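Reading through the structure tokens given below for one structure.
The values are calculated or read from the model by the stated rules, or taken from the named source; none is laboratory data. Keep in mind it's a predicted model, so treat the numbers as computed, not measured. Counting neighbours? That spans all protein chains shown, and the Cβs are built from the backbone with ideal geometry, glycine included.
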Amino acid sequence: MAKRVPKSLKDGKTTSFKSLFNALRFIPRFFKEIWNVNKKLFLLSAFCRLIGALLPVIILWIGKEIIDEIILQTSLENSYYTKLWTYVSIEFGLVILSDLISRAISLTDGILGDQYNIATSVTIIKKTNQINISLLEDSEFYDKLERARTQTTGRVDLMSNILGQLQSVISISTLVAGLIFFDPYLIILLLLSIIPSFINEIYFSQQQYSLARSWTSERRELDYLRFIGANDKTVKEVKLFSLTDFIVNRFKNLSLEYFHLNKKLAIKRSSLGFLFNVLGSLSYYAAYVFIIYRVLSGVISLGELTFLSGSFNRLMKNLQDFFSRFTRISQSALFLQDYFEFIDIKIDEKAKEDVPLPKEIKHGFEFKNVRFSYPESDQEILKGINFTLKAGEKMAFVGQNGAGKTTLTKLLLRFYEPTSGEVLLDGININRFNKAEYQTFFGVIFQDFFRYEFTVKENIAVGNINEIENQLKIEDAANLSLANDVVSELKDGYNQQLGKRFLNGQELSGGQWQKVALARAYMKDANVIILDEPTSALDAKAESEVFGRFIGLTENKTSIIISHRFSTVRQADRILVLEHGKVIEIGSHQQLMQNNGLYSQLFSLQAEGYK
């Protein structure tokens with residue numbers, strides 16, 4: 001990780017008020033997604049909120065009637081309390097109903113939120129699968145993905161806040177109508193108490209988002225430092241190289257810088273919030289004094305006093321909640337914008353023509369003057385590559401680290417697109433085929449294969465997940481890759497949980513993992529098989545047996561082998577030698593040894609090491 005340049009809120013990445021409000025345009029689309037998740041539950045939640053919005057003013061009005069009725073009956077010689085107890089019973093029923101409605105809202109929001117959480121997570125996973133690997137390897141794009149991925153909880157809260165906001169609008173409208181009916185001057189005092197706080201909240205919400213957005217990559221670094229500092233996969237090197245202090249200091253320095261920026265923002269927000277709250281309290285008590293004065297003057301009754309003071313108090317609280325919720329909504333909408341911008345990324349996957357894939361490869365693949373460099377990089381990884389991989393041929397790629405061997409296979413697999421030049425299959429540019437269909441041609445095991453912390457059965461079935469219930473095929477693949485030896489040592493056999501992340505998990509050695517990963521290649525009856533350093537963690541005997549089987553099983557199949565071990569490479573029909581992104585030699589083992597070029601030198605050096 002490169003040394004990071006300190007940043008602050010004034011680094012040019014702050015978010016303007018305009019962008020803050022522009023982000024609100026995504027809310028209708030957001031609710032369309034929620035509607036599609038569960039229409040009936042959404043309607044139930046909306047109905048409950050409508051009832052919940054009307055209940056406060058009704059309860060206040062019943063309270064007013066109760067007090068006025070008490071005063072009336074106490075002034076009469078022959079009191080009659082039937083009406084009073086009726087009002088009390090109605091108020092009791094409304095309070096119970098209000099609690100029931102509140103719980104129903106929490107329940108429906110929780111269920112809707114969980115269902116929407118699942119739906120958006122699935123959307124992000126599927127979208128990520130559609131995106132080119134070269135784009136995913138770009139740090140700025142990965143920051144966008146990170147913001148879309150990690151704000152799931154915020155999107156669920158946004159749903160509750162917006163629905164709550166609609167409920168508040170109805171409730172506020174009824175309370176305002178009540179105040180206007182008795183005394184419209186109270187509305188002026190109410191606005192004086194609320195508007196300054198609203199402006200304060202909007203401003204600091206924008207600042208908070210700006211800080212969070214500009215620190216996306218640093219927060220990813222903090223997560224990474226937490227991972228390597230407290231993880232079973234890194235603990236050996238951390239202990240051996242005494243890295244704890246280094247990791248702790250790096251984590252503390254970075255997190256403290258973010259903490260101080262956040263703290264400064266929080267203190268400023270709280271201080272101004274306190275001042276505006278004092279203003280709000282002064283406005284409230286000014287209204288309260290005004291109402292008392294009106295009672296003492298005989299303009300309104302005690303019941304109306306209760307209604308007005310209760311309405312004003314509840315209205316002020318509702319408005320504060322409304323504006324505070326509005327700032328949370330606008331802030332969350334900015335993160336919602338990150339989500340929709342991510343899933344709206346256009347994927348140019350359509351072929352220029354609807355060219356069907358050949359049922360079998362007749363001629364093979366051809367690289368024609370292929371060049372490749374990573375986006376926004378001037379350094380070429382591949383420089384004018386030209387060669388043909390014939391149908392049914394076994395070809396090995398050889399070269400020192402960084403020569404471009406794995407990059408060639410990724411271009412062949414369409415993980416990357418050539419900067420210039422083209423790759424042909426039976427004379428047709430591979431970009432003219434449907435990518436997903438084209439990639440089904442290949443069975444691949446990379447050197448950096450992923451160690452899925454699933455069961456052994458599931459790990460092997462990853463190679464052809466549609467056959468996950470085909471136990472016989474899974475066992476055959478394990479036998480071919482020597483993974484059956486690994487399985488025989490495990491307590492639960494093919495149902496053994498691998499890795500230490502989950503309960504009863506069993507960790508494997510590097511060589512054992514490699515055998516399990518190799519089994520994935522045999523799960524798929526692919527037209528083309530690519531093995532990228534497939535035996536680097538195996539001993540010489542296991543490697544020899546694995547490749548003996550591989551050569552026999554790939555008879556008449558097109559295959560590519562990348563390996564640093566020349567005992568493996570020499571079994572290929574032809575060997576392509578790369579240096580600095582260029583093809584410098586190609587031919588059989590015997591031909592290349594006679595050339596006395598780079599291959600001959602590397603082979604001799606390795607052979608000398610075994611003497």
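Quick check on the range 366-386: of everything there that is of a type outside the set (A, V, I, L, M) and outside any strand (DSSP E or B), which residue is farthest from Val577 (Cα to Cα)?
My answer is Glu376.
Only residues that are free of Cβ contacts under 8 Å to residues at least 24 places away in the same chain and more than 13 Å from Ile58 (Cα to Cα) were counted across the range 89-104, and they come to 5. Do we have any residue at all in the range 475-482 that's in contact (Cβ under 8 Å) with a residue 60 or more places away in the chain, touching a strand residue (DSSP E or B) at 6+ places or on another chain (Cβ under 9 Å), part of a loop (DSSP other than H, G, I, E, B) and of a type outside the set (Gly, Ala, Ser)? The answer is no, given that none of the residues of the range 475-482 is in contact (Cβ under 8 Å) with a residue 60 or more places away in the chain, touching a strand residue (DSSP E or B) at 6+ places or on another chain (Cβ under 9 Å), part of a loop (DSSP other than H, G, I, E, B) and of a type outside the set (Gly, Ala, Ser).
All of Phe454, Phe415, Phe433 fail the test of being aromatic (Phe, Trp, Tyr) and within 19 Å of Gln514 (Cβ to Cβ), apart from Phe454. Among the residues of the range 450-495, what is the count of those that are of a type in the set (Ser, Thr, Tyr), crowded, with 16+ Cβ neighbours inside 10 Å and at pLDDT 90 or above? Matching residues across the range 450-495 total 2. Considering the range 585-597, the residues that are surrounded by 15 or more Cβ atoms within 10 Å (Cβ to Cβ) and touching a helix residue (DSSP H, G or I) at 6+ places or on another chain (Cβ under 9 Å) include one that is nearest to Gln400 (Cα to Cα), namely Glu585. Inspect all residues belonging to the range 76-83 and state whether any of them is β-branched (Val, Ile, Thr), in contact with a helix residue (DSSP H, G or I) (Cβ under 8 Å, 6 or more places away or on another chain) and at pLDDT 80 or above. Checked the range 76-83: no residue is β-branched (Val, Ile, Thr), in contact with a helix residue (DSSP H, G or I) (Cβ under 8 Å, 6 or more places away or on another chain) and at pLDDT 80 or above. Screening Lys64 against (1) loosely packed, with under 14 Cβ neighbours inside 10 Å; (2) of a type in the set (D, E, K, R); (3) farther than 30 Å from Asp338 by Cβ leaves a single unmet condition, (1).
Annotation: of all residues in the range 270-320 being more than 24 Å from Gln73 (Cβ to Cβ) and aromatic (Phe, Trp, Tyr), the one that is farthest from the chain's Cα centre (by Cα) is Tyr293.
Within the range 561-580, track down each residue that is out of contact with any Asp or Glu (no Cβ under 6 Å at 6 or more places or on another chain), modelled with pLDDT of 90 or more and surrounded by 19 or more Cβ atoms within 10 Å (Cβ to Cβ). If the condition is that a residue be out of contact with any Asp or Glu (no Cβ under 6 Å at 6 or more places or on another chain), modelled with pLDDT of 90 or more and surrounded by 19 or more Cβ atoms within 10 Å (Cβ to Cβ), then Ile575, Leu576, Leu578 are the ones that fit. For beta carbons closer than 8 Å, sequence separation of 6+ or different chains, a first residue in the range 285-307 that is within 20 Å of Ile58 (Cα to Cα) and not assigned by TED's automatic domain parsing to the domain that holds Gln73 and a second that is modelled with pLDDT under 75 and exposed (fewer than 12 other Cβ atoms within 10 Å of the Cβ), there are no qualifying pairs. For the criterion of being crowded, with 21+ Cβ neighbours inside 10 Å, of a type outside the set (Val, Ile, Thr) and either without any contact (Cβ under 8 Å) to a residue 40 or more places away in the chain or closer than 25 Å to Pro375 by Cα (or both), Phe446 fails.
Residues of the range 26-52 that are modelled with pLDDT under 85 and more than 22 Å from the chain's Cα centre (by Cα): none at all. Consider the range 142-193 and keep the residues that are farther than 30 Å from Val299 by Cα and of a type in the set (D, E, K, R). The one that is modelled with the highest pLDDT is Asp157. Restricting attention to the range 34-59, the residues being of a type in the set (D, E, K, R) and closer than 21 Å to Gly93 by Cβ number 1. Restricting the range 239-264 to residues that are aliphatic (A, V, I, L, M) and over 27 Å from the mean Cα position of the chain (by Cα), the residue that is nearest to Ser324 (Cα to Cα) is Leu243. Considered as a group, the residues in the range 387-420 that are charged (D, E, K, R) and part of a helix (DSSP H, G or I) include one that is farthest from Arg565 (Cα to Cα), and that residue is Lys410. Selection of the range 414-430 for residues being out of contact with any Lys or Arg (no Cβ under 6 Å at 6 or more places or on another chain) and modelled with pLDDT under 90 yields Phe415, Glu417. Every condition in (1) surrounded by fewer than 17 Cβ atoms within 10 Å (Cβ to Cβ); (2) modelled with pLDDT of 75 or more; (3) among the β-branched types (Val, Ile, Thr) holds for Ile551 except the one numbered (2).
Ser544 falls short on exactly one of the conditions (1) part of a helix (DSSP H, G or I); (2) at pLDDT 80 or above, and that condition is (2).
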